[in-house]
Structure formats: structure tokens, C-alpha cells
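Reviewing the structure listed below.
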Amino acid sequence: ELQMHYDKSAEHSLLRDLFDNLGPIYGFSLAVPRAEYDENAGWPWVQCYDTIALNEVAATVQYGLASAAFEHLVQLRLQVPCTYDIYRFTHTITGKVRSQLLHLAITIKDDTDKAGNKRIENTASTNDDVVDGVTGVSHIPPSNLQLKFPNRAHQNHLWDFVATCPNLESLSISATQYLDLDQLKWIKPSQSRGLRSLVLSRVWTSVPSIIELLRPHLESNGPAQLRFLDLNDVKVYDGGGSWSDLFVYLRSNCPSLAMCVVEHLNYFSAHLNYRSLGRIWETYSEIWS
């Protein structure tokens, strides 16, 4: 564990020496702490990130991911503050390594600023922008990183990186502010039978975009190979299809599906199928699709 504090030159030098002398690395996980805050204080405050320390850590991780030991990497897990950090930490990964990645999990951890934290959202709001997750009602200010690199404004770095990993078998994207899955342009190879595992949390999308990740390539042999699906707090755009379309596809085309976990699937407020439950804790007996 490397503490996030500036002037850790000795530790970074040691880590770089370690990267230079490691054998083949097949899996790598990086976890950066989230920004702590207190929304119940008399004046809401947010802990700022030490940007000097973060830049030093990023430089060391970039060095490692570009080293010979990581040429065999097939599994990558990143828990980083902002969507911009996906570029910050991964831009030294070669195309060869990206093409051989099979398992990718990305978690965005900085949940400061409006619409970044599901736990404190006002579920009773009838304002369309709040319902759709465009904005929020919390008074939590942005962290210094979120102020400089807002998650939505820099989400292209996340989707662009995923798109350069064509042979993925499992993909997990967990966000804070809602991100737009429709921005992902993932082109699977001809032998692909789609993802084996898909986890999405806090994303906007259309149902066809989800199905495209699961669908086998037209030139592949065999049905979709999906075994695990977890969708949490996912909103479908107006005109983006119906959740029933996805469930019909799963039932008819995914014979290997062993587990499906869904929670808080909804539509944009302009969608024909949208229905407000008001205060969820008062209408918990009503379930709809």
C-alpha cells in the first residue's frame, strides 16, 4: 500500500525497480481512495485530492504498465477518482496488451458534486433533470479533481479505452455521475460470442447498446455466451427501447445465463414507459418494468 502523499520519491523508485524485475504479470489492480466529505456539516466540505501525489502515482503506474512484466496482462481492475484518470493511468498500455485483455473492471470513485451520489439523491423529486440524473439536489461541492475534470465531460477517455480492448470477455463499469454507454464504440472480433459477464452501474443507455455487448458476431459459431449480468441504476433514453426487449433477448438468446441481478432499472422522464414512484419508501409494493 502506497500512501497518497507527495514526495514519495524513495517509494516510487522502489516500485519502479520492482516493476523492472518482476516476472510475467497476468492481473493488475489499482485502487485510489475516494474524496471524503460531510454533507451534514454546518457548511458542507469535501476533502481535496493531493494532485502532486496523484501525478507521481500515475507516472509510476504508467511506467509499470509499459514494462515487460505487463506484456502478458489479461485482467485489469481500476478504481480511480475521475473518468479523466482512465487516460492518466492507461495511455502507456500498448495496443498489443489492450488486444489481449480479457477482463476489465473500471470504477469511478469521486462521487462529489451534484448527481454524483445515489445514496443522498432526492428520490421524491419530480424535476425532470433530477429524475434523469442530469443534476442533483445535494449541496456537496465538487472535489478539486471533479472541478477540473468533471466526469461526464471527460468520459470519452473511459469509453475510448474500452473500445481499444476488442477481445474482452468480461466488462464492469461502475460510475458516480451517470455516464453514457451509447458513446462506447466497441467492435468485437469475428470469432466473438459476446461478453461472458457484464456489470453496469450508474449509466444512461439504450437497450440495443446493451444487447450489442452480449450479441455474438454474425460470423461466430454458437449462441451468446453470457453467464452473468448485473445492472444497477441504469436509465434508458427516450426512444431507447424497453427493458422488456432486453429480458426477451436474454430468455431467447442466452442459454448459458446462470445469474442475472437487476436493481433500479428505469427510463428517462420523457420515455413513454417512464413512471414515477414518488417516495420509494412509501410505494415499495409497486414493481414495474
For ARG77 and VAL262 in one chain, what is 0.36 nm times their gap in residues minus the Cα-Cα distance, to one decimal in nm?
64.4 nm
Starting with the fewest neighbours, write out CYS48, CYS254 ranked by other beta-carbon atoms found within 10 Å of each beta-carbon.
CYS48, CYS254
Provide the gained length on full extension for the span GLU11 to ARG251, in nm with one decimal, where the gain is 0.36 nm per separating residue minus the Cα-Cα distance.
81.2 nm
Number of Lys pairs in the range 9-282 closer than 25 Å at Cα, excluding neighbours under 8 places apart unless interchain, is 12
Indicate the gyration tensor shape class of the range 9-282 (rounded, prolate or oblate), computed on the Cα atoms with a ≥ b ≥ c the square roots of the eigenvalues: a/c under 1.5 is rounded; otherwise a/b larger than b/c is prolate and the rest oblate.
oblate
What is the calculated FRET efficiency for ASP160 to ALA59, with r their C-beta to C-beta distance and R₀ = 25 Å, to the nearest 0.05?
0.75
Fewest to most neighbouring Cβ within 10 Å: what's the order for GLU56, GLU71, GLU36?
GLU36, GLU71, GLU56
Summing Lys, Arg as +1 and Asp, Glu as -1, what charge do residues with Cβ under 11 Å from the Cβ of LEU78 carry, LEU78 excluded?
+2
Take TYR26, TYR249 and order them by how many other Cβ atoms sit within 10 Å, fewest up front.
TYR26, TYR249
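None of the figures in this text is laboratory data; all of them are computed from the coordinates on show. These numbers come from a predicted model, not from an experiment. Methodologically, a virtual Cβ is constructed for each residue, glycine included, from the backbone with ideal geometry; neighbour enumeration extends over all protein chains shown.
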